[in-house]
Amino acid sequence: MRPAHAPATAARGGLALYELYRAASRAAAPAVLLWRRLRGLEHPSRWPERLGRPSAARPRPGSPLVWFHAVSLGEGMAALPVVRHCARLHPGLPILLTTTTLSAFEVMKDLLPDAVMYQFAPLDCPDAIESFIGYWKPSLILLMESELWPNLIMSAAEKGIAVALLNARMSLKSFNRWSVHLGLPLVSLMLSKLSLVIPLSTIQAVRFQLLHTPPYKIHFAGDLKYAVGDVETGEKELNTIKDLQEQFNDRPIWMAASIHKGEEEVILRVHHELIKTHPSLLLILVPRHPRDSKDISLALKKQKFNFVLRSTKEVVSSNTRVYVVDTLGELRMLYKVTPIAVVGGSFLPSLAGHNFSEAAAAGCAVLTGPHVGHFYHMLVELWQINPLAVKQLTGEVELLEALKEMLGDSKALEARQKAAKDSYSIMSDGVVNRVWNLVSMFAVDSQQKRGIVD
């Protein structure tokens, strides 16, 4: 039986560790930012935002403001349906979205509603956080997925600002790191300051409880990444889809999406074999990081593949065998021009998968490799609705056989396309409403949130 003073002792331990983290993060921040700038990881002119220095005016000073924070593009896209939902329900409410990466900035800035402001997130050091919160004065902070930053969460708690963690997840590696003697008091302290945790799966809920998140703060609503495919298609995107369809000219097509360095070797070997029986076959190859396109181009030249880079705007001809998409933010659109989507980040042991619900939403036959990380829960949920919704492969040999089957049997292909789309529709139904209803419930109970919800 735990001693009565154990919680107080743990809290003191967490505060002591937080003070150490606070001092260390303050000392390290200048070097961290300089290193990131030298590596080209920061925006050349907007990097001061990372120090909490705003580049936009705070609208309606004194009014409530909702701050959404997502680290990168995937998390930002998962937040987008909630951001849009919030903006529709509460016109005039100032909404701010922050992300950390340049890729997220390049894509998200063009997808946000006009009323939503964008800034780069402050580094988690005391001075940057205090400057940022002091200027924007958020009434509610909604963090996405695994964004547990001590200075941000503790500063918000000290100021009475409610903080929620949406689509909450924690990798096994992070869970093990936080579970150790030095990590547990600090993470327990942080999690105790949250007003709401919405985990994306039961496994994730268990991990958060084991790290001492109060059970009454954990509520289920579904995985927001199912809602990514519901983002409306704009006129510009529709025109791009029509243009590509004309270029592809009804050729057989398959797409390899979010391909990481090293995976292209698997994809190109498979494509080389498929061309032997399907000579007009076109591969749309989308690297996870556009910077990898240079190495992919060299590999294609070496293997004598006729290819086109999307960034050159060169037209795809009947001789083109590979279409390399070396641009950002077009994956969702590209899923709408291919019947088959192989989702990468899953064919090497060091990787942990990517969101395949976007491909399912577009009506693609969806395939993925053996290494899917926390997306395994999504795989199981879709399988429970229809086992044909996503085909998981053990590796290169099964990938080749699966593609041969789909390219050679139109009924089998159509069955997988329908299964994916129908399963996605069932899983995505109402998830944004459920998330926002939970946010509204805990926001109503907080005096700082008056005026945010009806």
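Only one entry in SER155, SER171 is open to solvent by 10 Å² or more (accessible area, probe 1.4 Å), touching a residue at least 24 places away in the same chain (Cβ under 8 Å) and polar (S, T, N, Q), namely SER171.
Among the residues making up segment 292-329, a single one is open to solvent by 70 Å² or more (accessible area, probe 1.4 Å), closer than 24 Å to ILE241 by Cα and basic (Lys, Arg): LYS313.
The rows are residues; the columns are (1) charged (D, E, K, R); (2) outside any helix (DSSP H, G or I); (3) touching a residue at least 12 places away in the same chain (Cβ under 8 Å).
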| site | (1), (2), (3) |
| --- | --- |
| GLU264 | yes, no, yes |
| ILE267 | no, no, yes |
| LYS276 | yes, no, no |
| LEU285 | no, yes, yes |
| SER293 | no, no, yes |
| ALA299 | no, no, yes |
| GLU314 | yes, yes, no |
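Contact map, segment 376-401: residues that are within 13 Å of PHE347 (Cα to Cα) and open to solvent by 60 Å² or more (accessible area, probe 1.4 Å) paired with residues that are assigned to a loop (DSSP other than H, G, I, E, B) and among the acidic types (Asp, Glu), Cβ distance under 9 Å, separation 6+ or inter-chain. No pairs are found. Tally time: how many residues in segment 281-296 are at pLDDT below 95 and farther than 19 Å from LEU331 by Cβ? Of the residues in segment 281-296, 2 are at pLDDT below 95 and farther than 19 Å from LEU331 by Cβ.
The residues of segment 410-424 that are touching a helix residue (DSSP H, G or I) at 6+ places or on another chain (Cβ under 9 Å) and either within 30 Å of PHE175 (Cβ to Cβ) or without any contact (Cβ under 8 Å) to a residue 40 or more places away in the chain (or both), listed by number, are ALA412, ALA419, ASP422, SER423, TYR424.
Just one residue in the set ALA419, ALA412 is surrounded by 18 or more Cβ atoms within 10 Å (Cβ to Cβ) and farther than 19 Å from LEU283 by Cα; that residue is ALA419.
Tell me, yes or no, whether segment 10-25 has at least one residue that is assigned to a helix (DSSP H, G or I), under 23 Å from MET108 (Cα atoms) and touching a residue at least 60 places away in the same chain (Cβ under 8 Å).
No: zero hits.
Might you check whether a residue that is of a type in the set (Val, Ile, Thr), farther than 21 Å from ASP326 by Cα, at pLDDT 95 or above and surrounded by fewer than 17 Cβ atoms within 10 Å (Cβ to Cβ) occurs anywhere in segment 263-275? Within segment 263-275 (the criterion being of a type in the set (Val, Ile, Thr), farther than 21 Å from ASP326 by Cα, at pLDDT 95 or above and surrounded by fewer than 17 Cβ atoms within 10 Å (Cβ to Cβ)), the answer is yes, since at least one residue qualifies. The helices (runs of 4 or more DSSP H) located wholly in segment 351-432 that include 3 or more residues which are more than 20 Å from the chain's Cα centre (by Cα) occupy 376-385, 396-408, 410-428.
The values are calculated or read from the model by the stated rules, or taken from the named source; none is laboratory data. Fair warning: this is a prediction, and the values are worked out from it, not measured in the lab. No Cβ is skipped: glycine too gets one built from the backbone with ideal geometry, and neighbour counts run over all protein chains shown. Calculation scope for accessible area: heavy atoms of the full protein, side chains included, ligands and nucleic acids excluded. Shrake-Rupley method; radii C 1.70, N 1.55, O 1.52, S 1.80 Å.
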